[in-house]
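Take a look at the structure set out below.
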Amino acid sequence: MSAAPRIDLHTHSTASDGTLSPAELVRAAAESGLDVVAITDHDTTAGWAPALAALPAGLSLVRGAELSCRWYGEEPPVPLHLLAYLFDPDAPELVAELARVRAAREERGERIVALLRADGIDVSWPAILTGAGGGTVGRPHIAQALIRAGLVATTTEAFGPDWLGERYRLPKEDIDVFRAVRLVRAAGGVPVFAHPRASRRGRIVPDELIADLAAIGLAGLEADHEDHSPAERAHVRALADELGLLVTGSSDFHGTHKTVRLGAFTTDPGAYERIVAEARGVTEVASG
Ligand code: AMP
Ligand code: ZN
Ligand code: FE
Ligand code: FE
């Protein structure tokens, strides 16, 4: 009898704010003993092709993305992340929305840098863009610039209140979360709410919103994630049970931009099989 498959459904590459290239990511996933890995870069599918091309034998690749969303039910609106699996990467409306969000990220990044520079902090927007290497730009790339300038020692420190966590934090133009769930489903994808109770990262949304999203097509909730306390994980599981949603667990690996390791949290095969069964966009999970 073989052991249960190890499934990690949330990782980032250099196509966004991870530090391993898509090819390095799938090789590292195989080396860490995973059977299934999802590539879920922020607001892009650019890592799919290079990850597929490098897929090691025995590893299955779930093509996905993590969409930057916002809930406008409170003022100021609450940012949140939606994982989308196995959607059609050519669905025009979703493609347009992702491109718009990537542009908004650049615009916001440039404004954050302007705020820093106005306070005499010597960080350069062109250098940050170079650091992002053509991938979706995010605050972790600005954090790297702060580290290079010797202003902070770690990414965690750069996300503290004196820096990107509060003082130099600016909102970006995200996708309305209801529209995002509908667009992902329309593109044949399967939407899962990423780290929905991660209160240590900022404001969280009420359970009523999650129920409303479930009613229009949300498929699941990520429960096991490093930013959830044990109580938060239990709450997410109970809510998923109540709403008939599937539950995932995943590392949210970012290479050296975070300390978490591939496979630190995993998803039960049953939940993974439900995601694959519901997918209509990419209908086959690629295997190396
Ligand atoms: P952005 O997408 O530009 O708003 O930046 C958010 C990203 O920064 C998240 O996806 C995480 O990868 C990372 N991040 C957020 N908070 C932290 C933190 N406290 N320490 C390290 N990385 C963080
Ligand atoms: Zn990230
Ligand atoms: Fe996230
Ligand atoms: Fe993530």
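The values are calculated or read from the model by the stated rules, or taken from the named source; none is laboratory data. Since we're looking at a predicted model, the values are computed, not measured. When we count neighbours, we look across all protein chains shown, and the Cβ atoms used for this are built from the backbone with ideal geometry, even at glycine. Side chains included, ligands, DNA and RNA excluded: accessible areas come from the protein's heavy atoms. Shrake-Rupley method; radii C 1.70, N 1.55, O 1.52, S 1.80 Å.
Evaluate the range 88-108: report whether one residue or more is within 16 Å of ligand 4 (Cβ to nearest atom) and touching a helix residue (DSSP H, G or I) at 6+ places or on another chain (Cβ under 8 Å). No; the residues of the range 88-108 include none that is within 16 Å of ligand 4 (Cβ to nearest atom) and touching a helix residue (DSSP H, G or I) at 6+ places or on another chain (Cβ under 8 Å).
Taking the range 80-104 as the range and being surrounded by fewer than 21 Cβ atoms within 10 Å (Cβ to Cβ) and more than 18 Å from Pro171 (Cβ to Cβ) as the test, the residues that pass are Asp88, Pro89, Asp90, Ala91, Pro92, Glu93, Val95, Ala96, Ala99. Residue pairs whose Cβ atoms lie under 6 Å apart, separated by 6 or more positions or on different chains, with the first residue in the range 73-100 and away from ligand 3 (no atom under 14 Å from the Cβ) and part of a helix (DSSP H, G or I) and the second aliphatic (A, V, I, L, M) and open to solvent by less than 60 Å² (accessible area, probe 1.4 Å), are Glu93/Leu183; Leu94/Leu183; Leu94/Ala187; Glu97/Ile175. Residue-level check: of (1) away from ligand 4 (no atom under 16 Å from the Cβ); (2) touching a Pro at 6+ places or on another chain (Cβ under 7 Å); (3) not polar (S, T, N, Q), Leu221 misses just (1). Counted as qualifying within the range 188-288 are the helices (runs of 4 or more DSSP H) with 3 or more residues that are among the acidic types (Asp, Glu) and over 26 Å from Gly47 (Cα atoms), namely 207-215, 230-243. Considering only residues in the range 148-180 that are within 16 Å of ligand 2 (Cβ to nearest atom), assigned to a helix (DSSP H, G or I) and in contact with a helix residue (DSSP H, G or I) (Cβ under 7 Å, 6 or more places away or on another chain), the one that is most open to solvent (accessible area, probe 1.4 Å) turns out to be Thr155. The listed residues are Thr14, Thr45, and the only one of them that is of a type in the set (Ser, Thr, Tyr), closer than 19 Å to Leu129 by Cβ and either away from ligand 3 (no atom under 16 Å from the Cβ) or in contact with a Leu (Cβ under 6 Å, 6 or more places away or on another chain) (or both) turns out to be Thr14. Just give me the residues in the range 183-221 being open to solvent by 50 Å² or more (accessible area, probe 1.4 Å), under 18 Å from the mean Cα position of the chain (by Cα) and more than 15 Å from ligand 3 (Cβ to nearest atom), in sequence order. Arg185 - this is the single residue of the range 183-221 that is open to solvent by 50 Å² or more (accessible area, probe 1.4 Å), under 18 Å from the mean Cα position of the chain (by Cα) and more than 15 Å from ligand 3 (Cβ to nearest atom).
Table: residues versus (1) surrounded by 19 or more Cβ atoms within 10 Å (Cβ to Cβ); (2) under 16 Å from the mean Cα position of the chain (by Cα); (3) of a type in the set (Gly, Ala, Ser).
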{"site": "Ala223", "(1), (2), (3)": "yes, yes, yes"}
{"site": "Glu232", "(1), (2), (3)": "yes, no, no"}
{"site": "Val236", "(1), (2), (3)": "yes, no, no"}
{"site": "Phe253", "(1), (2), (3)": "yes, yes, no"}
{"site": "Thr266", "(1), (2), (3)": "yes, yes, no"}
{"site": "Tyr272", "(1), (2), (3)": "yes, no, no"}
{"site": "Ile275", "(1), (2), (3)": "yes, no, no"}
{"site": "Thr283", "(1), (2), (3)": "no, no, no"}
